[in-house]
Structure formats: C-alpha cells, structure tokens
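See below for the structure under consideration.
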Amino acid sequence: MTVQELPGAAAYRPTPPPAWKPITDPAPLLPDPEPYRVLGTDAVADMDPELLLRLHAELVRGRRYNTQATALTKQGRLAVYPSSTGQEACEIAAALVLEERDWLFPSYRDTLAAVARGLDPVEALTLLRGDRHTGYDPREHRIAPLCTPLATQLPHAVGLAHAARLKGDDVVALAMVGDGGTSEGDFHEALNFAAVWKAPVVFLVQNNGFAISVPLAKQTAAPSLAHKAVGYGMPGRLVDGNDAAAVHQVLSEAVARARRGGGPTLIEAVTYRMDAHTNADDATRYRVDSEVETWRAHDPVQLLERELTGRGLLDDEGIEQAKEAAERMAAALRDRMNADPELTPMDLFTHVYAEQTSQLREQAAALRAELDAEQDHEHSAEAGR
C-alpha cells in the first residue's frame with residue numbers, strides 16, 4: 001500500500017509555495033546604502049562619554065601594540081605578524097561588546113581583539129612566534145584559537161553558539177573574518193547553518209580592500225558584502241569600520257539581538273589595511289602610496305581623537321596619558337618577547353589527544369630515551385674534562 005492509498009490520503013494534498021516565493025521578506029534584511037557612521041554626526045551626542053574615552057585609550061594602546069609587534073618581527077622575535085594597523089576600531093569594538101561568558105572566534109589578524117579582551121599580549125603572539133600550541137587556553141579566556149586557514153573558524157562559532165542555545169546557556173559567539181574569507185565555502189556553510197538554526201552568533205567581516213593582493217572587485221560582484229546576508233535570511237549591516245563608535249554600536253545591537261533569540265547578523269565593516277598583508281608581503285606591487293595616504297586621513301585613532309577634543313572630552317594631558325600607558329605595555333611586551341622561551345621537547349605529546357594513542361606513547365618513549373642518552377653523553381663529557 002502506498003502513502004496515497006492510505007485512508008484519508010486523498011484529503012492530504014499539501015500545496016507547496018511557489019519556488020519563487022520568499023520565505024522571509026527581504027526588505028528588513030537589506031543593509032543601508034552607505035556605511036553607518038556616528039563620529040561627526042548628530043548620533044555621537046547619544047554615546048556614553050566614558051565609553052568613547054575607553055575606546056580612545058584602547059585604540060591608542062592597540063596602535064602601539066601593532067607597531068611593537070611589527071618591530072619584533074623585523075628583529076626576528078616573531079616568525080610573522082599580520083598587522084591590523086588601520087583596523088583597530090573593529091578589533092577593539094569586537095572585544096568590548098562581549099560579556100565575559102561570550103566567545104570570540106578570531107582569525108590570524110585578530111590578535112589585537114584577543115588582547116583587548118584581556119589576553120596576555122605575549123600569549124596572543126605565541127603562535128606567531130612559532131612556540132607551542134596556541135599559546136593560551138581557549139576555554140579559560142573564551143577565545144578560540146587564532147585561525148590561519150581562512151574562514152574555518154566560522155562554522156566552529158556557529159556550532160558553539162547553537163550548542164549553547166540548545167543547553168539554555170546565555171552565550172553569544174562573535175566570529176571575525178576578512179573580506180577574503182567570504183570567498184571560502186566555510187563562509188557559506190556557516191551563514192546558512194546559523195540562519196536556519198537561528199544561532200546566537202554575529203559575523204564581523206573586516207573589509208580591508210584586499211585578500212592579500214586580490215582587490216574586492218575581483219572577489220565579488222555583490223553590491224556589498226553585507227548584501228550577502230539577505231540570501232541566507234539574516235540582516236546585513238554596513239558600517240564605517242574606522243568609526244569606533246559606530247562599529248561598537250552596530251556590534252552591540254547585533255549581540256543583543258542574538259542574545260534575545262533573534263538569530264545571527266552579518267556585519268561588514270569597511271576599513272583599510274595600512275600595512276602590508278604580513279612582513280613577507282610587498283604591498284607596493286598591488287597598490288599605490290596615494291591610496292594608502294587617502295586612508296590615513298580616515299585613521300580610526302585620529303577620527304575619535306578629533307571628536308573627543310572637539311567636544312571637550314579629551315585634552316592634551318589625556319592624550320599623553322593614553323600614549324604613556326601604551327608605551328608601558330609596549331616596553332613590557334618587548335622585554336618579555338626578547339627573552340628566549342624555555343622549551344620542553346616532551347610537550348610535543350602533551351595536548352594531542354585526551355588519552356595518548358599507542359603510537360604517541362611509543363614516539364614519546366623514543367624521544368625520552370634519546371634525550372636521556374644525550375644528557376648522559378653531556379655528563380660524561382663534562383666528567384672527562
């Protein structure tokens with residue numbers, strides 16, 4: 001007997017909606033035609049002055065962190081450093097909008113966001129130094145490992161957020177990615193799952209103009225990256241990524257929406273990478289100095305500083321205090337990074353599996369025997385002198 005032959009089957013004739021009919025009205029999901037701004041507009045009057053001052057202090061500290069890490073790379077203390085100079089507004093705002101219980105999912109360029117969230121700067125740079133593992137405990141800090149493969153952290157963020165929602169935990173995940181990462185399949189999969197599950201996750205795309213050397217126009221023909229949200233059934237927001245107040249406000253609204261069960265949001269922050277992709281990149285091969293100088297006039301630190309001084313909230317003394325605090329951080333970072341780390345070869349086997357496999361135990365025993373033999377040889381040589 002088929003389904004159609006069952007009693008009452010004749011009355012069950014579901015009529016699916018036409019394939020062209022949208023499940024969701026797309027109009028409320030569309031981003032604004034221009035990036036949202038706060039600084040230099042009437043909206044700045046509604047901002048908390050204390051928040052603006054904190055944003056400024058963190059931006060100054062973040063800029064100095066970037067320059068110090070870049071210098072350490074040139075000195076051979078870091079293997080590589082992807083600078084976020086010019087993108088500090090996005091990095092700082094992403095860290096400040098989260099509650100302690102929330103999770104941050106950074107990419108390899110987002111060490112500053114991790115530091116602004118409270119991570120030890122040395123631990124944030126450990127991976128880029130070539131030292132052991134991630135350099136920090138993700139569970140302790142609620143910061144996922146810095147992700148070098150493009151966009152693979154996005155499905156992880158969705159999975160964690162969805163699991164938290166199923167468990168009834170009041171947790172939001174904020175996942176950061178560059179414009180280049182939006183060309184990866186992981187980006188599509190993450191946004192699709194997040195929207196279908198209404199996962200409490202916020203996607204922050206830092207559109208800095210280039211995926212290494214590939215300009216955005218060669219990656220997508222979409223009106224903006226924020227428009228991609230509509231195809232997944234979530235709202236898209238377009239914001240000036242160098243306006244720290246605007247980025248903080250837009251992210252705060254998206255986090256609040258996710259926390260109350262409203263689902264995910266895709267935010268495109270239009271910004272610019274002032275430095276090369278990394279210390280191994282020659283940016284002069286694909287962009288001209290005049291373009292960089294144009295963006296320097298829209299520097300996130302200077303934008304906020306001008307707003308605060310113009311409103312009488314910040315004076316020369318306050319600016320100097322922020323710089324001095326940043327210098328103290330840089331000096332401490334420099335001193336600690338110039339000290340050679342004490343490495344333990346047996347740590348190679350410590351955090352591979354919760355329970356070591358037989359192969360790992362064999363390899364660990366072989367290495368231990370080799371190290372012991374080397375130590376015995378050194379002791380014998382010293383005794384014979």
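The values are calculated or read from the model by the stated rules, or taken from the named source; none is laboratory data. None of the values given here were measured: they were computed from a predicted structure. Note: ideal-geometry Cβ built from the backbone for every residue, glycine included; neighbour counts use all protein chains shown. In case anyone asks, the SASA skips ligands and DNA or RNA and just uses the protein heavy atoms, side chains included. Shrake-Rupley method; radii C 1.70, N 1.55, O 1.52, S 1.80 Å.
Kindly provide the trypsin sites (Lys or Arg not before Pro) of the stretch 89-127 that DSSP labels as loop, not H, G, I, E or B, and whose Cβ sees at most 11 other Cβ atoms within 10 Å. Present the calculation step by step, with values, prior to reporting the outcome.
Values: sites: R101, R109, R117; in loops: R101, R109, R117.
Of the trypsin sites (Lys or Arg not before Pro), the ones in loops of the stretch 89-127 whose Cβ has at most 11 other Cβ atoms within 10 Å are R101.
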Checklist entry - At what distance in angstrom do the alpha carbon centres of the stretch 112-173 and the stretch 333-373 lie from each other? => result 23 Å
Checklist outcome for this item: Dividing the helical contributions, -39500 (n - 2.57) per DSSP H run of n ≥ 4, by the residues of the chain yields a 222 nm value, nearest 500 deg cm²/dmol, of -14000 deg cm²/dmol
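Stretch D120-H351 to full length: gain in nm at 0.36 nm per residue minus the Cα-Cα span?
Length gained, D120 through H351: 81.1 nm.
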Checklist outcome for this item: For Q302 and I23, extending 7 Å from Cα along the Cα-Cβ vector and measuring point to point gives, in nm, a value of 4.7 nm
Item to check | In nm, spacing of pseudo-spin labels at R311 and N338 (7 Å Cα→C-beta vector) | outcome: 4.0 nm
Checklist entry - In bins 10 Å wide, starting from 0, what share of all Cα pairs of the chain does each bin hold, as a percent? => result 5, 20, 28, 22, 12, 7, 4, 2, 0, 0
Item to check | Whichever aspartates and glutamates have a C-alpha closer than 19 Å to that of K167, once near sequence neighbours (fewer than 8 apart) are set aside | outcome: E99, E100, D102
Checklist entry - What accessible area, in Å² to the nearest ten, does a 1.4 Å probe give for Y36? => result 50 Å²
Next on the checklist: I'd like the antiparallel share, as a percent to the nearest 5, of DSSP beta bridges with both residues in the stretch 173-304.
Outcome noted: 10 percent
Checklist entry - How much net charge surrounds G209 when only the other residues with a Cβ under 9 Å from the Cβ of G209 are counted, with Lys and Arg +1 and Asp and Glu -1? => result 0
Checklist entry - S290 accessible area, nearest 10 Å², 1.4 Å probe? => result 80 Å²
Checklist entry - Considering only the chain, what is the antiparallel percent among its DSSP beta bridges, to the nearest 5? => result 10 percent
Checklist entry - Which order do I212, I23, I267 take when ranked by solvent-accessible area (1.4 Å probe, heavy atoms of all protein chains), largest first? => result I23, I212, I267
Checklist entry - Quick one: if the Förster radius is 56 Å, what FRET efficiency do V292 and A383 give, using the C-beta to C-beta distance and rounding to 0.05? => result 0.35
Item to check | Contact order normalised by residue count of the chain, Cα under 8 Å, 6+ apart, percent | outcome: 22 percent
Checklist entry - Taking the Cβ-Cβ separation of D170 and E253 as r and a Förster radius of 25 Å, what is the calculated FRET efficiency to the nearest 0.05? => result 0.90
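Taking the Cβ of E327 as the center, what net charge do the other residues with Cβ under 14 Å away carry, scoring Lys and Arg +1 and Asp and Glu -1?
Around E327, the charge tally is +3.
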Checklist outcome for this item: When every protein chain stays in place and a 1.4 Å probe is rolled, L154, L216 sorted by accessible area with the largest first are L216, L154
Checklist entry - Calculated FRET efficiency, L53 and E327, Cβ-Cβ r, R0 22 Å, to nearest 0.05? => result 0.75
Next on the checklist: Just to make sure I understand: if all protein chains stay in place, what is the order of W295, W103 by accessible area at 1.4 Å, largest first?
Outcome noted: W295, W103
